[in-house]
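Below is one structure; the comments refer to it alone.
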Amino acid sequence: MKILLKPFSWIFRFFVFIRNKLYDYGYFKTVHLSARVISVGNIDSGGTGKTPFTEYLARYFLEKGKSVVILTKGYKRAEDDMQVIELGYKNEENKLTNENLGDESMMILEDFIDEPSLKKGTGLLIVSDNKRSGAKLADSKFKPDLILLDDGFQHRRIIRDLDIVLLNPVYKGPLIPAGTFREPFSSTKRADLKILNYKFKEIREYNIIKLGSIPTFNYILEGFFNIKNEPPTKSDFTAFAFCGIGDPDSFRDLLDNAGIKVLNFISFPDHHNFKEEEIKNLISRYKQSGADLILTTQKDFVRFKYSTRMLSGGENSIKELMNNYPVYYSKIRLNFTQNQDILMNKLGEIIKD
């Protein structure tokens with residue numbers, strides 16, 4: 001199938017090349033904002049950790065007492081309007097859902113509840129299908145010190161002060177639709193800073209792309225938690241696992257590194273919108289597996305927790321899964337392993353000017 005799609009990848013590559021050249025030579029108009037702008041992006045179609053890294057940057061600048069706006073698209077949400085929410089908003093009345101914000105946006109809000117750095121700085125989350133419109137609104141109305149573009153590498157209409165591209169350790173294969181890449185690797189030359197994310201593997205396990213001295217980071221598992229934010233009652237358990245993220249292998253690596261015996265593992269596409277039958281099938285396969293717990297990622301868990309089906313009246317499969325079965329999500333944190341000082345120097349320059 002991929003062989004049949006390769007000609008379309010070549011066509012896509014050609015249009016990407018032309019588009020970038022039109023920006024390079026100034027034929028496409030760009031917008032300069034008063035706020036400092038940092039873009040976090042990639043050349044892959046997902047799975048490099050853009051949102052966790054954007055959160056890391058937000059915490060850094062909030063800790064410095066800065067006002068920060070995180071601007072994100074809200075992939076696969078049902079609404080296309082622009083949403084503005086304060087970081088730290090607890091959503092106790094469930095007014096915000098996955099359908100109107102998207103799973104990654106809901107995860108950002110969850111992660112900033114009771115965030116200590118918000119005592120020093122102020123933060124907003126803006127969800128907009130049009131990043132240019134969202135950035136202009138943030139700049140003119142809220143006048144932040146910094147705007148962080150989550151998944152901004154391809155959105156060249158906004159001039160940025162720091163362009164960060166996150167990389168997986170191995171790059172091979174064609175562009176979409178035959179492969180997973182939005183741009184060829186050569187496009188990373190326009191980034192101000194490349195950063196390597198090797199997630200849960202040992203870095204020596206990879207045939208690392210040769211990039212010289214760049215920052216590298218991985219993920220550290222903080223634990224598993226249920227809808228009441230409680231950890232499992234016992235540390236030794238078997239698991240039925242599923243996920244719908246850009247790099248499902250990384251979740252499997254997390255479970256393997258944690259020494260968890262996984263009896264069944266199912267993956268779905270990134271930002272997957274689960275149908276009733278699919279959730280019923282998950283419940284059925286969990287029962288058949290005989291596993292102690294159901295494990296998933298935080299992004300998948302948030303997708304269920306704040307689904308309108310979960311929050312509305314009546315019985316459905318999401319309510320059954322979340323309320324009647326031992327579903328736990330993995331909580332991770334970002335950990336720099338090499339050359340963090342290169343990033344810190346860049347960030348220092350941003351707030352010094």
Only one of 348, 290 is farther than 28 Å from residue 166 by Cβ and either in the same structural domain as residue 192 (by TED's automatic domain parsing) or modelled with pLDDT of 95 or more (or both). Can you tell me which?
290
When the range 257-276 is checked residue by residue, the ones that are over 24 Å from residue 104 (Cα atoms) and without any contact (Cβ under 8 Å) to a residue 12 or more places away in the chain are 259
Only one of (1) at pLDDT 95 or above; (2) under 15 Å from residue 42 (Cβ atoms); (3) not hydrophobic (A, V, I, L, M, F, W, C) fails for residue 155. Which number is that?
(1)
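Being within 20 Å of residue 79 (Cα to Cα) and not in a loop (DSSP other than H, G, I, E, B) is the filter here; which residues of the range 112-131 pass it?
124, 125, 126, 127, 131
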Can you find even one residue in the range 198-207 that is surrounded by fewer than 17 Cβ atoms within 10 Å (Cβ to Cβ), at pLDDT 95 or above and not small (Gly, Ala, Ser)?
no
Options 117, 128: the member that is touching a helix residue (DSSP H, G or I) at 6+ places or on another chain (Cβ under 7 Å), over 25 Å from residue 348 (Cα atoms) and touching a residue at least 12 places away in the same chain (Cβ under 8 Å)
128
Going by the structure shown, is residue 231 surrounded by fewer than 16 Cβ atoms within 10 Å (Cβ to Cβ) and either touching a strand residue (DSSP E or B) at 6+ places or on another chain (Cβ under 6 Å) or in the same structural domain as residue 55 (by TED's automatic domain parsing) (or both)?
yes
Of the residues 87, 62, which single one is modelled with pLDDT of 95 or more, surrounded by 20 or more Cβ atoms within 10 Å (Cβ to Cβ) and in contact with a Lys or Arg (Cβ under 7 Å, 6 or more places away or on another chain)?
62
Selection over the range 267-292 where residues are of a type outside the set (S, T, N, Q), surrounded by 14 or more Cβ atoms within 10 Å (Cβ to Cβ) and in a helix (DSSP H, G or I) yields a count of 7
Can you pull out the residues in the range 150-197 that are within 20 Å of residue 346 (Cβ to Cβ), basic (Lys, Arg) and either over 19 Å from the mean Cα position of the chain (by Cα) or crowded, with 21+ Cβ neighbours inside 10 Å (or both)?
156, 160, 189, 190
Would you confirm whether or not the range 4-16 contains a residue that is aliphatic (A, V, I, L, M), closer than 30 Å to residue 275 by Cβ and over 23 Å from the mean Cα position of the chain (by Cα)?
yes
Those residues of the range 1-55 that are surrounded by fewer than 15 Cβ atoms within 10 Å (Cβ to Cβ), of a type in the set (Gly, Ala, Ser) and touching a helix residue (DSSP H, G or I) at 6+ places or on another chain (Cβ under 9 Å) come to a total of 1
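The values are calculated or read from the model by the stated rules, or taken from the named source; none is laboratory data. All figures in this text were calculated on a predicted structure; none of them were measured in a lab. So basically every Cβ, Gly included, is an ideal-geometry build from the backbone, and we count neighbours across all protein chains shown.
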